[in-house]
Structures are given as structure tokens and as C-alpha cells.
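The values are calculated or read from the model by the stated rules, or taken from the named source; none is laboratory data. All of these numbers come straight from a predicted model, not from anything done at the bench. Every residue, glycine as well, gets a Cβ built from its backbone with ideal geometry; the counts of neighbours run over all protein chains shown.
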Amino acid sequence: MLNGVSGMVGETAVVTKALSGSHEPGSVRTRGEEWFARSMFPGTVIAPGTTVVVADVERGVLVCYPADES
């Protein structure tokens, strides 16, 4: 089991500020805290309120994609 930020890969979070590219990160709430985050897919915006999955961590910024809620 990984601890710290690297242990967040695979966790879910809720978008609190729209996620887009790496030049202007948005934010998500997970583990009871706000984290800077960006979309895993360049050019794709993920709206606030969307549940996402953490795919990676780059320089302290969570890289996320929308969770499949079907």
C-alpha cells in the first residue's frame, strides 16, 4: 500500500473547479482536502461536480479522468 500523494492513484475525487489542461489546473476534493488537478485528456474540460479517478500525480498535481458511473 502506497502512502502520501503517490498512494492517491486509483482513488476517486469530486471536481470543485473545472479541470482542463496543465497550464491552468482546476481542483478536486479527496481525502477531505482540496488538491490541484488537471484532466488526463488534453483539450477536455471536466465540469465541477463530476466524480473523477486519479490516474497519476505530476509535480503535486493530480491527473484525473471521469469515473464511469454507469
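Scanning the stretch 12-21 for residues that are modelled with pLDDT of 95 or more and outside any strand (DSSP E or B) yields a total of 1.
Selection of first residues in the stretch 43-70 that are charged (D, E, K, R) and of second residues that are part of a strand (DSSP E or B), restricted to Cβ pairs under 8 Å at least 6 apart or on distinct chains, gives the following pairs, ordered by first then second residue: ASP56/LEU62; ASP56/VAL63; GLU69/THR51. Taking the stretch 22-58 as the range and being in contact with a strand residue (DSSP E or B) (Cβ under 6 Å, 6 or more places away or on another chain), farther than 15 Å from ASP68 by Cα and not in a strand (DSSP E or B) as the test, the residues that pass are SER22, PRO25, PRO48. Counting only residues that are of a type outside the set (A, V, I, L, M) and modelled with pLDDT under 95, which one in the stretch 40-55 is farthest from the chain's Cα centre (by Cα)? This residue is GLY43.
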